[in-house]
Amino acid sequence: MTQATAHIAATLRAARAAKGMSQRALSERAGVPQGHISKIENGAVDLRVSSLVGLARVLDLELTLVPRKSLPAVNSIVRSTASAPHQGSAVTRKAWKAVLTKLDKLAHAYPANMELAQLQRLTRDLQHLGFTVVDRETLREANKRLDAVLEKRDFDGIHRLLLEFKSLRNAAAHSAGVSSVTDRVRPAYSLDDDEHGG
């Protein structure tokens, strides 16, 4: 097994474990045989791109080709967002699942509500930054507000939750060092560049 293949296998195994998912459950969701997943995780089989993409998506990973010179910046971002465990405690996972379920219900009931769509995007951002950036009390309040919206159609709760989640997302992104990494990445071009030597 090559070093690159070993890294991919370890990443898939760690992502599956972080989600608390068995190989059988991953197999059912990704449509890849459980025996094949076992072989992939143990480096006993060459990966097919279709299998890799299917497994990655179920595990909230994305398969992408990155220019080699951009790899240090990408690795730095991945390390900074992975430094805190993504899933947190079982209580945190359960509370997040409730938030996501309620947001889905609301999105189906009110597809034209722009603040609701923004809140769903913010929630996904917070998910990718790591569930631990939102404490249990905030999650409890988020669930109460979403219950109020579902029961009483109190859309003021969506607005308040949107503002709170924006603040949390910005703080989490800042503390994860994402901004400091992107600040160091130079743009491919600049309007000040003089290409024609004039």
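The values are calculated or read from the model by the stated rules, or taken from the named source; none is laboratory data. The model shown is predicted, which means the values in this text are computed figures rather than measured ones. Note that each Cβ is placed from the backbone with ideal geometry, even for glycine, and that neighbours are counted across all protein chains shown.
Here are the numbers for this structure:
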{"quantity": "Residues of segment 17-43 satisfying the condition of being assigned to a helix (DSSP H, G or I) and among the polar types (S, T, N, Q)", "calculated": "GLN23, SER27, GLN34, SER38"}
{"quantity": "Residues satisfying the stated conditions in segment 40-68, i.e. free of Cβ contacts under 8 Å to residues at least 12 places away in the same chain and buried (at least 17 other Cβ atoms within 10 Å of the Cβ)", "calculated": "VAL45"}
{"quantity": "Only listed residue being at pLDDT 65 or above and among the aliphatic types (A, V, I, L, M), chosen from ALA107, ALA173", "calculated": "ALA107"}
{"quantity": "Conditions (1) under 20 Å from ALA90 (Cβ atoms); (2) at pLDDT below 75; number of the one not met by GLU141", "calculated": "(2)"}
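Each row is one residue, and each column tells you yes or no for (1) in contact with a Gly (Cβ under 6 Å, 6 or more places away or on another chain); (2) at pLDDT 80 or above.
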residue	(1), (2)
HIS7	no, no
ALA18	no, yes
HIS36	no, yes
ASN42	no, yes
ALA56	no, yes
SER80	yes, no
